[in-house]
Amino acid sequence: MIQMCFFGSLAAVLASQAQIDQFQLLEDSYELTRGVKLHTLYANHPTTTLGFKFEINGKKIIYCPDSEVMGKMSPLFRIMMKNYLIFARGRSFHS
């Protein structure tokens with residue numbers, strides 16, 4: 001009951017003060033605004049999981065939240081590691 005009251009009242013406050021837009025992201029590159037780019041990469045995970053690279057005026061922030069561990073000798077491991085390195089070093093698969 002407390003949770004319902006809290007979230008209900010919070011939702012009413014946020015609805016009057018904020019606009020929330022939702023976007024579907026795929027493995028791709030996006031220009032969010034001038035000087036700000038977002039690059040995404042699918043991670044090795046049982047469900048859809050994306051790694052994110054933000055480029056802001058030439059600086060990079062990379063966040064890859066989850067990836068499944070697999071044997072180092074697995075062919076898939078080698079492919080995924082190669083893709084992660086390309087992604088992190090700055091080259092994009094899509095630009």
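If you plug each phi of segment 58-64 into the Karplus form 6.51 cos²θ - 1.76 cosθ + 1.60 with θ = phi - 60°, what whole-Hz ³J(HN,Hα) values come out, in order, with x for Gly and Pro?
Working through the residues one at a time gives x, 9, 10, 10, 10, 9, 10 Hz.
Scan around Ala43 for amide H atoms under 5 Å from its own, H built in the peptide plane at 1.01 Å from N, and keep only partners 5 or more places away or cross-chain.
Amide H neighbours of Ala43: Thr49, Leu50, Gly51.
Can you work out D for segment 20-64 in µm² s⁻¹ from Stokes-Einstein, where Rh is the Kirkwood radius over C-alpha pairs, the temperature is 10 °C and the viscosity is 1.306 mPa s?
It diffuses with D of about 140 µm²/s by this estimate.
Along segment 38-53, what does the Karplus equation 6.51 cos²θ - 1.76 cosθ + 1.60 (θ = phi - 60°) give for ³J(HN,Hα), rounded to whole Hz, x for Gly and Pro?
Along segment 38-53, the couplings run 10, 10, 10, 9, 5, 8, 7, 8, x, 10, 5, 9, 10, x, 10, 10 Hz.
Coordinate-derived values only; no laboratory data. The model shown is predicted, which means the values in this text are computed figures rather than measured ones.
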